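Contents: one structure, followed by commentary.
Read the figures in this text as sums done on the coordinates, not as results from a lab. What you see is a predicted model, and the numbers here were worked out from it, not measured in a lab. All Cβ positions, glycine included, derive from the backbone under ideal geometry; neighbour counts span all protein chains shown.
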Amino acid sequence: MGFPKTGKWAMLPVILSLSLPTMLEQLMQTAVQYIDTAMVGSLGTSATAAVGVTTTVNWLVNSSITALGVGFLAFISRCCGAGDRDGAARAAGQAVLAVGVVGTVYTALALSLSSRIPVWMQADPAIRETAARYFFILSLPILPRAASILLGTVLRAAGDTRTPMKIGLLVNVVNVALNFLLIYPARQLALGPWTLPLPGAGLGVEGAAAASAAAFTLGGLCTAVAVWRHPIISPRGRRLRPDRQVLVPCLRVALPNMLQRFAANLGYVAFASMINALGETATAAHTIANTVESAFYIPGYGMQTAAATLAGNALGAGDRQRMRDLTAMLIPIEVTLMAVSGGLLFLLAPDMVGLFSHSAAVIVLGAAVLRMVALSEPFYGVSIILEGVLQGVGQTRVPFVFNLTGMWGVRILGTLICTRLLGLGLVSAWGCMIAHNLLLFVAYAVYFRHGRWDPLGRAGQATSGGIT
């Protein structure tokens, strides 16, 4: 990966070359999520609620796999920065092994618990059976989902963000096409004097799950092939067995991040469970608001990928000035992008919610919480970038502490008090979520201000040692 030796502004093309494909990939994923939600929403509020019941559980699965990928990202990006192609390829091989182990274990757990999860999530009894079938079908391809997530991270760590973007485009096109065919029954489309017959399976919510499952499977296969053929990190010709010299430093980084994401997403599950208990309207509004909000986080998480990869490169090269310049460039760019996206979210909130529901109550409630969270977007953007820098240099314990404290000490405890003890509704729960985000901003800002995050600047000494 070409990385300029000096000058903050000289890094801008590299930052954009890494972040823009990731943003486009996430934009396409979000567009499909919008289409999914709109298609299911056309079936009624109950269908939207049934899909939303297990959303946070799917986040839990995906995020823990993503957290494992952070360990490989830190290791591979450092190897690329140091010019160690053999180390990067060895790590890619270990990532392939991890896909097999994690994918198999998670598939077994998810399928065996699928009927119980809607009950634990306090879903309305009327939608529990539908929610369980949706989650079961969506869990069938967890192995290829793990390949998409983990091996996609491997490609990005090596500086290749375009291949995951192209695969994401293919996956999304297939997902939408299958949604169209599987969700709705066969019907007639009137085109002036002509009538065009449209095929359809009429499977409803289950059709949406089947479409996503097929698309995930395709994405996992394509990503695995891309890694296998990669000119730098391909594990082809290597014996795929556990490699302690790679796994130990990768897991040292990954495990705190996995614990962080597991604790955070377990918090999301508890958060959603308390919201589900508020009724069908609150569940539908919360589900739609989460979907809408995801599009406006794209700039933040796109830039986070660049931050993690480039910070790892700088560490591998032992270049302290590059590390400092990186954060000095990324933070103002991120704040600007998130301020713009937050402003758009505030202005468009009612119209965006209206895309997914015709219920006046759902639109009013969903728009209210979206306008609240829009005001906190720039602050949350700073947290996203700084967490990415820490991931890139292999520091995942601090984000674990910050996120665990914010999630359980502020969001969950606050929501419990507001909804269960004070009898307040969805607006109060999202207020607690915003308080959590603001706490993260303050914690990360103070930590970076003190300079303890920089492994090349501690005690005024540079080091290019192992990931810590």
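Only one of Thr281, Thr287, Thr336, Thr291 is more than 20 Å from the chain's Cα centre (by Cα) and under 30 Å from Ile127 (Cβ atoms). Can you tell me which? So that I can check it myself, show each step before the final result.
Values: Thr287 fails: more than 20 Å from the chain's Cα centre (by Cα); Thr336 fails: under 30 Å from Ile127 (Cβ atoms); Thr291 fails: more than 20 Å from the chain's Cα centre (by Cα).
Checking each option against the conditions leaves just Thr281.
Of the numbered conditions (1) surrounded by fewer than 24 Cβ atoms within 10 Å (Cβ to Cβ); (2) in contact (Cβ under 8 Å) with a residue 40 or more places away in the chain, Met338 fails exactly one; give the number of that condition.
Evaluating Met338 over (1) surrounded by fewer than 24 Cβ atoms within 10 Å (Cβ to Cβ); (2) in contact (Cβ under 8 Å) with a residue 40 or more places away in the chain leaves (1) as the failure.
Please give the number of the condition Tyr268 fails out of (1) exposed (fewer than 13 other Cβ atoms within 10 Å of the Cβ); (2) of a type in the set (Ser, Thr, Tyr); (3) assigned to a helix (DSSP H, G or I).
(1)
Across region 284-310, what is the number of residues that are surrounded by 24 or more Cβ atoms within 10 Å (Cβ to Cβ), farther than 30 Å from Cys80 by Cα and of a type in the set (S, T, N, Q)?
Count: 2.
So how many residues does region 426-436 have that are surrounded by fewer than 19 Cβ atoms within 10 Å (Cβ to Cβ) and either among the small types (Gly, Ala, Ser) or touching a Phe, Trp or Tyr at 6+ places or on another chain (Cβ under 6 Å) (or both)?
Within region 426-436, residues that are surrounded by fewer than 19 Cβ atoms within 10 Å (Cβ to Cβ) and either among the small types (Gly, Ala, Ser) or touching a Phe, Trp or Tyr at 6+ places or on another chain (Cβ under 6 Å) (or both) number 3.
Do we have any residue at all in region 227-238 that's of a type in the set (S, T, N, Q), more than 30 Å from Leu426 (Cα to Cα), in contact (Cβ under 8 Å) with a residue 24 or more places away in the chain and surrounded by fewer than 23 Cβ atoms within 10 Å (Cβ to Cβ)? Walk me through it before giving the result.
First, the residues of region 227-238 that are of a type in the set (S, T, N, Q): 234.
Of the ones still in play, those that are also more than 30 Å from Leu426 (Cα to Cα) are 234.
Checking the rest, the ones that are also in contact (Cβ under 8 Å) with a residue 24 or more places away in the chain come to 234.
With surrounded by fewer than 23 Cβ atoms within 10 Å (Cβ to Cβ) added as a condition, the list becomes 234.
Yes; the residues of region 227-238 include at least one that is of a type in the set (S, T, N, Q), more than 30 Å from Leu426 (Cα to Cα), in contact (Cβ under 8 Å) with a residue 24 or more places away in the chain and surrounded by fewer than 23 Cβ atoms within 10 Å (Cβ to Cβ).
Please name all residue pairs, on different chains or six or more residues apart, with Cβ atoms under 6 Å, provided the first residue is in region 150-171 and is closer than 16 Å to Gly302 by Cα and the second residue is part of a helix (DSSP H, G or I) and of a type in the set (D, E, K, R).
Hits for this filter: Pro164/Glu25; Met165/Glu25; Gly168/Glu25.
Of the conditions (1) surrounded by fewer than 24 Cβ atoms within 10 Å (Cβ to Cβ); (2) touching a Pro at 6+ places or on another chain (Cβ under 9 Å), Leu140 satisfies every one except a single condition; which number is it?
(2)
Inspect all residues belonging to region 29-50 and state whether any of them is surrounded by 21 or more Cβ atoms within 10 Å (Cβ to Cβ), of a type in the set (D, E, K, R) and closer than 18 Å to Ala289 by Cβ.
Yes, some residue in region 29-50 is surrounded by 21 or more Cβ atoms within 10 Å (Cβ to Cβ), of a type in the set (D, E, K, R) and closer than 18 Å to Ala289 by Cβ.
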